[in-house]
Amino acid sequence: MTELTSIPQKLGIRAQFEARSGAQWLDVAGVGIRSLAETMNAIGARFVTITAYELGNGEGFRLEYHWDLNGTLLGFAYEVQKNIDSIFDLCPAVDWIEREIYEGYAIEFVGRPYEPLLLREGVTPGVNLREQPPQEVAK
């Protein structure tokens, strides 16, 4: 059994990977992000990034977690409202991106210390969610 086909079994799900947009995607519904990170660590996968999208109409957000396994990009999506467990203690490489997503979308990564990354102290997180006034064009 290859490492890729063993991942669903290790996670306790029946789903299969599906090739889309240059990555292998696995539906991990019901699997917590911490369990996923522990599994990725156990098989030697390397964390790449998290991509955040606002779903619109107050429906929350989609967080896409990406890992590399021997040159294959693996994708796992989670839909959240305002928070998700942090995996910082399991995967220190997520430090910057969890902080960036918190500041940009006000999604809290539960269970981690927070230090401001780009926002000045006292500025409310969620800058990507606020309407920005139109900028005047210099003449």
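The values are calculated or read from the model by the stated rules, or taken from the named source; none is laboratory data. Treat the numbers as computed from the prediction; the structure is a model and nothing was measured. All Cβ positions, glycine included, derive from the backbone under ideal geometry; neighbour counts span all protein chains shown.
Based on what the data block shows, is A77 assigned to a helix (DSSP H, G or I), among the small types (G, A, S) and in contact (Cβ under 8 Å) with a residue 24 or more places away in the chain? Judged against the criteria, A77 is not a match. Screening the range 23-61 for residues that are assigned to a strand (DSSP E or B) and at pLDDT below 95 and picking the one that is surrounded by the most Cβ atoms within 10 Å (Cβ to Cβ) gives E54.
A search for C-beta distances below 6 Å between a residue of the range 84-103 that is free of Cβ contacts under 8 Å to residues at least 24 places away in the same chain and within 18 Å of E38 (Cβ to Cβ) and any residue that is among the hydrophobic types (A, V, I, L, M, F, W, C) and buried (at least 16 other Cβ atoms within 10 Å of the Cβ), counting only pairs 6+ apart in sequence or on different chains, returns D95/F88. Residue pairs whose Cβ atoms lie under 6 Å apart, separated by 6 or more positions or on different chains, with the first residue in the range 108-125 and on the phi < 0 side of the Ramachandran plot and of a type outside the set (A, V, I, L, M) and the second assigned to a loop (DSSP other than H, G, I, E, B) and surrounded by 13 or more Cβ atoms within 10 Å (Cβ to Cβ), are F109/S86; R112/S86; R112/F88; P125/A106. Across the range 108-121, the number of residues qualifying as buried (at least 16 other Cβ atoms within 10 Å of the Cβ) and either modelled with pLDDT of 95 or more or within 17 Å of V31 (Cβ to Cβ) (or both) comes to 2.
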